[in-house]
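Report on the following structure.
The values are calculated or read from the model by the stated rules, or taken from the named source; none is laboratory data. On a predicted model such as this, the values are computed, not experimentally measured, just so you know. Cβ: placed from backbone, ideal geometry, glycine included. Neighbour counts: every protein chain shown.
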Amino acid sequence: MSQVKQAVHFHPDYESKKAQILECIAHFDGGGKAVLQGDRNTIKSFEIDGEKINIKSFKVPNPFNAFVYKYIRKPKAERSFEYANKLLGLGIATPFPIAHIEVYSKFGLADSYYVSKHIDYDFDFRVLIHQPRFPERVAILQQFTEFTFKLHENGIEFLDHSPGNTLIVKKSDGQFDFYLIDLNRMRFGSMDFDKRMHNFRRLWLSKTMVKIMADTYSKLYRKGYYETYELMLKHSRDFQRKIDRKKIRRAGRKLKV
């Protein structure tokens, strides 16, 4: 790495493995096993002393954002690390945060990495959308709603509360554990009823899913079922229409080319 400065912060439990993890990052492009290869970010898994870890490499920001992340706003990797620690402190599951590393040039942020423990999960929330007959689907949706209610009660507004950002682990007692990932966009503070229902909008819920989840949430929040269902459905449909309009506009632009 030819950049000017490297900021390195490790959880105390992993200070002893610092050199090994930094070595993985130094050889990130050619090493590890790909978990996610996206347009923006890349996640790879590495094994250290028999333990599997995930390293997320964030996309190099444009010059404006590079300046912002150096002087004005905390970088995504640092926010992910801080938010993960905050969630765990509140009893909300997320892969254990190991470290965040930022590499700066004289112009601003260049590379950044977030390191966390690997979770062997069974499936994510997306299967509940695409497979209406998924085993125990109703029970999972009910428990996921309870999980989201716990977020809201703790004043956590997870701005990327979308299908791919909740990993689900089935336990032997018929219960399910939910792990939040992709943590860098969150707000903290009290949440009124409208904000709570608005927070469900990115999950791409069908009417059947809304019925199940609204029934559970209304009982927990002590709100009428019909009012809960109507508002959750409204925010979900508004978001889905917005995304559909964007897709149509993009398709139209491609046809004009």
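Of a type outside the set (Ser, Thr, Tyr), more than 24 Å from VAL35 (Cα to Cα) and over 19 Å from the mean Cα position of the chain (by Cα) - does that describe any residue in the range 80-91? Walk me through how you get there before you give the answer.
Here is the first cut: in the range 80-91, the ones of a type outside the set (Ser, Thr, Tyr) are 81-82, 84-91.
This time we only want the ones that are more than 24 Å from VAL35 (Cα to Cα), so: 86, 89-91.
The next check asks that each one be over 19 Å from the mean Cα position of the chain (by Cα); those that pass are none.
No, the range 80-91 has no match at all.
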From the residues in the range 150-180 that are more than 27 Å from LYS76 (Cβ to Cβ) and not hydroxyl-bearing (Ser, Thr, Tyr), which one is surrounded by the fewest Cβ atoms within 10 Å (Cβ to Cβ)? ASP173
Considering each of LYS246, LYS223 in turn, give the residue that is out of contact with any helix residue (DSSP H, G or I) (no Cβ under 8 Å at 6 or more places or on another chain) and of a type in the set (Lys, Arg). LYS246
Do we find a residue being modelled with pLDDT of 95 or more and buried (at least 18 other Cβ atoms within 10 Å of the Cβ) anywhere in the range 27-40? no
